[in-house]
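Scroll down for the structure; my scribbles are underneath it.
Readers should treat all values here as calculations from the given coordinates under stated rules, not as data from a laboratory. What you see is a predicted model, and the numbers here were worked out from it, not measured in a lab. Virtual Cβ from ideal backbone geometry, glycine too; neighbours counted across all protein chains shown.
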């Protein structure tokens, strides 16, 4: 069986109320419940199956041999909490749990291997180009053809790499650390600049268009304020006009 790397066991919240365990607790009480889980942990450390040997089990869980011998015998023969073939004992529930752990581990290993293989393929494309040897010699040009000093296969590989790079660039998320300002922040900046830009009009305009400058997302709202400021100071009518200003009557 594969080596277990996950070192914990799922424990049902109502395990203490299981019918078989309740019968065991009638005789052994809470101490018996603790002994049961100590033995389950011991089985887990042995990949789910262990020899019926009271001395070995007692040493593993730190209990006296007589107690372990009687308790283990009752768990197997009376309460049927463990399965046995006469030589070894185990828990079906624990075996199933271990199989799930191994299956999940195998799936993760397969996913890691696949990612590694994909990286190896990309790296091999670059290595192939190095082996073919692209020369630094100048190319010759005629009126109807451009002749490079390398093989057609190398050119095709360069095209493949370019396609991969283009795809990666398209998938790379665009980062924009822009934080939308409040009207109070805009007003404070306009007062600092001592300009005539209307903070509410500025906010409403960019709030309506999704805080974009042209087709691009805004990166610096203070720069936009300065642009409005320059438009006002030059005597030119600002290109951005807010129609149906909802705050007109409040001013």
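Odds and ends about this structure:
- Among 96-105, 31-40, the peptide with the highest mean count of other Cβ atoms within 10 Å heads the list, and the full ranking is 31-40, 96-105.
- Ordered by the number of other Cβ atoms lying within 10 Å of each residue's own Cβ, fewest first, 179, 81, 43, 22 fall into the sequence 179, 22, 81, 43.
- Taking 72, 59, 94 and counting other C-beta atoms within 10 Å, the order from fewest to most: 59, 94, 72
- Order of 215, 66 - criterion: other Cβ atoms within 10 Å of each residue's Cβ, fewest first: 215, 66
- Whole-angstrom gap from the range 200-218 to the range 38-75, using each part's C-alpha centre: 72 Å
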